[in-house]
Structure formats: structure tokens, C-alpha cells
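K.L.:
Would you mind keeping the following structure in view while I ask a few things?
Only the coordinates and a few stated rules stand behind these numbers; no lab work does. Treat the numbers as computed from the prediction; the structure is a model and nothing was measured. Reconstructed Cβ throughout: ideal geometry from the backbone, glycine too, with neighbour counts over all protein chains shown.
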Amino acid sequence: MRKVFQAELHQIGEELIEISQLVSEAIQKANSAFQGADTELAQEVIAADARIDFLQNSLDERAIDILALQGPVASDLRMIVGALRMSASLERMGDLARHVAQLARLRYPAHVIPEKIRPTFDELAVLDIQIAGKVTELLETRNLDLTNEINAANARVNELHAGVFKAVAAADWNETAPTTVDVTLASRYFERFADHGVSVARKVTYLVTGEWQPSAPLN
């Protein structure tokens, strides 16, 4: 029975990695669609989000069954509870990538972001893609050095996000109301994506060390 239990725990870990890999692919494709006004690629991201949702539901059901049937304690319990919370963050990251793709599809054939502020969004996307990749690597390796890199990237995302709000509030901002809404929403999507990556990193740290680092709740 213990071998079966350990195999189930291993399967949960593998499923988290698979979801994270899909999220990483989603944000890369969503950004390409966003930057290139590519509706076909945007639709691909939107459709693929159903796979992330399915895997999250499957993982959560498996974890709940283990809690009910196996009565895990100590580190095993941390693993299962942590997996439930990480799967929720990863699923939300997939949703945010889908939202970016939906903006691209909505505004086709125009680009979502005005030319003068595109460099900011280029950097936001690069950072989110880096965070997604490092989250997957962290889940695979449990190398906690990666959490520092994720936190640093997130700090820069927060700076850029704040800069977007300053830009749209500036006296020389002369874009239309729909464009202003799009820019604000897009910045929010990229910023929340990074925050959820930090949340996953924090849960992995908890699994490895047993020490919990509280943070502000994510929306």
C-alpha cells in the first residue's frame, strides 16, 4: 500500500509539471498572437486552455481521493495540500494567457497596444515567459535558487505595470477609451500571471523546507 501511495504522490507531481509546461506554451503563443495580431494563434491558445482546466480538475480529484483514503501526514500532507494550491495558481496562469489571446482576437486586425508603449509590453511578455519556464524547472528540480530569479522577474513586472498606469494617466496620453481599457487590462493580465508564478514558487519552497511564507492573497 505504501508503494501505491508513493506512486500516486509521484503522479501528482508529474501532472503539476505537465500543467506548468502547458501554461508556459500558452503564454508564449498568447504573446506571439498579441504582438502579431494573429487570430489563428490566439484561437489556438483559447482552445488549448480547456486542456489545462481538465488536467487541473483531474489532479484535484486525485489529491482529494488521496486525502480521503490514505490519511497522509507530515510531508506527504504538505505535498498534497500544496499541489491543490499550486494547481489552482497554474490554472489561473492559463486563464490569464487566454485573456491575452482574447484581446488579440478582439482587436484584430489592429494591434492591441499603441506603438509608443509597446516596448513596455515586450518586456512584460519576456518576463512572464521567463517566469513560466522557471516555474516548470522549479517543479522538476526543486532547486530553490530559482525562486530568487522568479521573485526578481516579478519585481520588474510590478515596476512595468506601475509604469503603464502612469502612462495612461499622463497628460500626453491621447488614445481612445477602448484602447486605454485594453492597455490597462493587458498590463493587469501580465502582472497577475507573474504573481501566480511567485505563488507557485512559494508553495514549492514550503514543500522543500516546511516553512510557510505568508503573502497577500491573489485575485
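K.L.:
If I model a spin label as a point 7 Å beyond the Cα along the Cα-Cβ vector, how far apart are those points for Phe5 and Arg142 in nm?
P.N.:
Going by the 7 Å Cα→Cβ label model, 1.7 nm.
K.L.:
Something else now. Sort 88-100, 32-44 by packing, meaning the average of other beta carbons within 10 Å per residue, with the highest value first.
P.N.:
88-100, 32-44
K.L.:
Additional query: Using a cut-off of 22 Å between alpha-carbon atoms, which lysines can reach Lys134, once sequence neighbours fewer than 8 places away in the same chain are excluded?
P.N.:
Lys29, Lys203
K.L.:
Let me ask you something else. Using Cα centres only, tell me the gap between segment 109-136 and segment 6-30 in whole Å.
P.N.:
Result: 22 Å between the Cα centres.
K.L.:
Which FRET efficiency, nearest 0.05, do Leu69 and Ile17 yield, Cβ-Cβ r, R0 25 Å? List each step's numbers first, then the result.
P.N.:
Working: r = 24 Å, r/R0 = 0.95.
According to the calculation, E is roughly 0.60.
K.L.:
What does the charge count around Ala42 come to, taking other residues whose C-beta lies under 15 Å from its C-beta (Lys +1, Arg +1, Asp -1, Glu -1)?
P.N.:
For residues surrounding Ala42, the net value is -3.
K.L.:
Can you match semi-axes √(5λ) of the Cα gyration tensor in Å to one of these, [x] 35, 18, 13; [y] 27, 23, 19; [z] 38, 28, 14, based on a calculation from the structure here?
P.N.:
[x]
K.L.:
Now a separate question. Suppose every K and R has +1 on its Cβ and every D and E has -1 on its Cβ; what is the size of the dipole of segment 52-183 about the Cα centre, in Debye to the nearest 20?
P.N.:
Charge dipole of segment 52-183: 160 debye, to the nearest 20.
K.L.:
Given R₀ = 30 Å, what would the calculated FRET efficiency be for Asn174 paired with Thr39, taking r from the Cβ atoms and rounding to 0.05?
P.N.:
About 0.65, to the nearest 0.05.
K.L.:
For segment 170-214 and segment 40-81, write down the distance between their C-alpha centroids in whole Å.
P.N.:
Between the Cα centres of segment 170-214 and segment 40-81 lies a distance of 22 Å.
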